[in-house]
1. Confirm whether Leu34 is surrounded by 18 or more Cβ atoms within 10 Å (Cβ to Cβ), in a helix (DSSP H, G or I) and touching a residue at least 24 places away in the same chain (Cβ under 8 Å).
2. Checking the condition over 30 Å from Pro121 (Cβ atoms), touching a helix residue (DSSP H, G or I) at 6+ places or on another chain (Cβ under 7 Å) and either of a type in the set (Ser, Thr, Tyr) or touching a residue at least 24 places away in the same chain (Cβ under 8 Å) (or both), which residue from Leu246, Leu256 passes?
3. Of the conditions (1) modelled with pLDDT of 90 or more; (2) surrounded by 15 or more Cβ atoms within 10 Å (Cβ to Cβ); (3) part of a helix (DSSP H, G or I), Ser92 clears all except one; give me its number.
4. Only residues that are aliphatic (A, V, I, L, M) and touching a strand residue (DSSP E or B) at 6+ places or on another chain (Cβ under 8 Å): list them for the stretch 220-245, please.
5. Out of the stretch 180-206, which residues are crowded, with 17+ Cβ neighbours inside 10 Å and acidic (Asp, Glu)?
6. Looking for something out of contact with any Asp or Glu (no Cβ under 7 Å at 6 or more places or on another chain), of a type outside the set (Asp, Glu), part of a loop (DSSP other than H, G, I, E, B) and under 22 Å from Pro267 (Cβ atoms) - is there at least one such residue anywhere in the stretch 158-179?
7. Just need a number here: residues in the stretch 204-243 that are of a type in the set (A, V, I, L, M) and free of Cβ contacts under 8 Å to residues at least 12 places away in the same chain.
8. Could you say whether any residue in the stretch 138-146 is at pLDDT 90 or above, surrounded by 15 or more Cβ atoms within 10 Å (Cβ to Cβ) and acidic (Asp, Glu)?
Amino acid sequence: MSFDLNLLRVFDALMRDHKVSAAAERLGLSAPALSNALARLRRATGDELFTRTPQGMLPTPRAQAMAATLADALARVEASLAPTQAFDAATSTRHVRIAMTDIGEIVFLPTLMRELPALAPRLTLSTVRGTATALSEGLADGRIDLAIGWLPDLAAGFHRRRLFEQRYVCLMAGDNPLATGRLTAARFAAARHAVVLAEGTGHERVERLLRTAGVQRPTVLQLPHFVAVPHIVAASDLVATVPHKLAERVAGPFGLAIRELPVALPPFAVDLFWHRRVHQEDGHRWLREQLARWFAE
């Protein structure tokens with residue numbers, strides 16, 4: 001049997017006012033409409049609920065037993081439907097979880113940790129990793145707030161915003177012989193290479209792109225991430241193919257040289273991803289706007 005939940009508002013109004021006319025005015029109904037609703041409520045409960053007396057409409061024992069529970073239930077429903085409090089970055093204690101690679105941590109976190117405290121001093125941040133499937137599920141169920149990166153396998157159902165495009169460059173020690181002179185395809189192919197195979201990101205495709213471009217190179221080291229690359233190439237004769245924003249961040253501190261690749265590889269997009277369920281949420285929208293302000297090109 002279906003039950004019209006609006007009848008509970010009629011019940012609550014009569015419990016408060018004890019008069020049909022006053023209850024009707026409270027609800028914005030006519031007195032006949034409220035009387036009709038009361039009749040329906042009586043049929044649904046099998047009880048008179050309110051009896052007419054010189055003192056007004058007084059509740060029956062059944063109505064009195066129902067009153068406290070229904071009043072609490074109505075208050076909860078009304079609270080859940082009320083407009084949410086506006087997001088205030090200055091007082092928010094939100095814990096934000098952003099999926100990004102080790103490159104993302106190097107490129108984005110210095111700016112985030114410099115700028116966020118002035119705007120949102122109580123906000124905390126975590127970074128997380130994951131495969132495309134894990135990211136998709138985490139964004140959908142709220143365990144991850146945002147994902148940043150080159151994520152071509154992230155499934156549909158997400159909003160995205162382009163931040164910038166990256167190209168690949170060759171990174172090496174400053175005293176590597178390849179740091180001077182023309183870097184030809186032959187010299188590049190003959191060098192000793194550290195290769196990053198970052199599972200779950202588009203960077204896995206670099207090797208295929210180079211092979212398609214006709215470059216076969218000796219790989220002496222394979223890594224699952226980029227964070228160790230500057231340490232390794234600074235201390236050896238190895239070279240690595242890396243995104244240019246990473247190269248620009250680490251070249252100075254590690255004394256490295258950046259060379260343009262001798263073959264053309266297509267650039268790749270670094271995007272900001274979020275699930276549609278949080279698209280209109282004030283705090284989430286504020287954070288996206290800050291990220292776009294700091295990083296979008």
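1. Numbers: surrounded by 18 or more Cβ atoms within 10 Å (Cβ to Cβ): yes; in a helix (DSSP H, G or I): yes; touching a residue at least 24 places away in the same chain (Cβ under 8 Å): yes.
It is true that Leu34 is surrounded by 18 or more Cβ atoms within 10 Å (Cβ to Cβ), in a helix (DSSP H, G or I) and touching a residue at least 24 places away in the same chain (Cβ under 8 Å).
2. Details: Leu246 fails: over 30 Å from Pro121 (Cβ atoms).
Within the list Leu246, Leu256, the selection yields Leu256.
3. Result: Ser92 fails condition (3) only.
4. We begin by selecting, within the stretch 220-245, every residue aliphatic (A, V, I, L, M); these are 220-221, 223, 227-229, 232-235, 238-240, 242.
Answer for the stretch 220-245, where residues must be aliphatic (A, V, I, L, M) and touching a strand residue (DSSP E or B) at 6+ places or on another chain (Cβ under 8 Å): Val220, Leu221, Leu223, Val229, Ile232, Val233, Ala234, Ala235, Leu238, Val239, Ala240, Val242.
5. Scanning the stretch 180-206 gives no hits.
6. Scanning the stretch 158-179, I find at least one residue that is out of contact with any Asp or Glu (no Cβ under 7 Å at 6 or more places or on another chain), of a type outside the set (Asp, Glu), part of a loop (DSSP other than H, G, I, E, B) and under 22 Å from Pro267 (Cβ atoms), so the answer is yes.
7. Qualifying residue count, the stretch 204-243: 1.
8. yes
The values are calculated or read from the model by the stated rules, or taken from the named source; none is laboratory data. This one's a predicted model, so the numbers in the text were calculated from it and none came from an experiment. Virtual Cβ from ideal backbone geometry, glycine too; neighbours counted across all protein chains shown.
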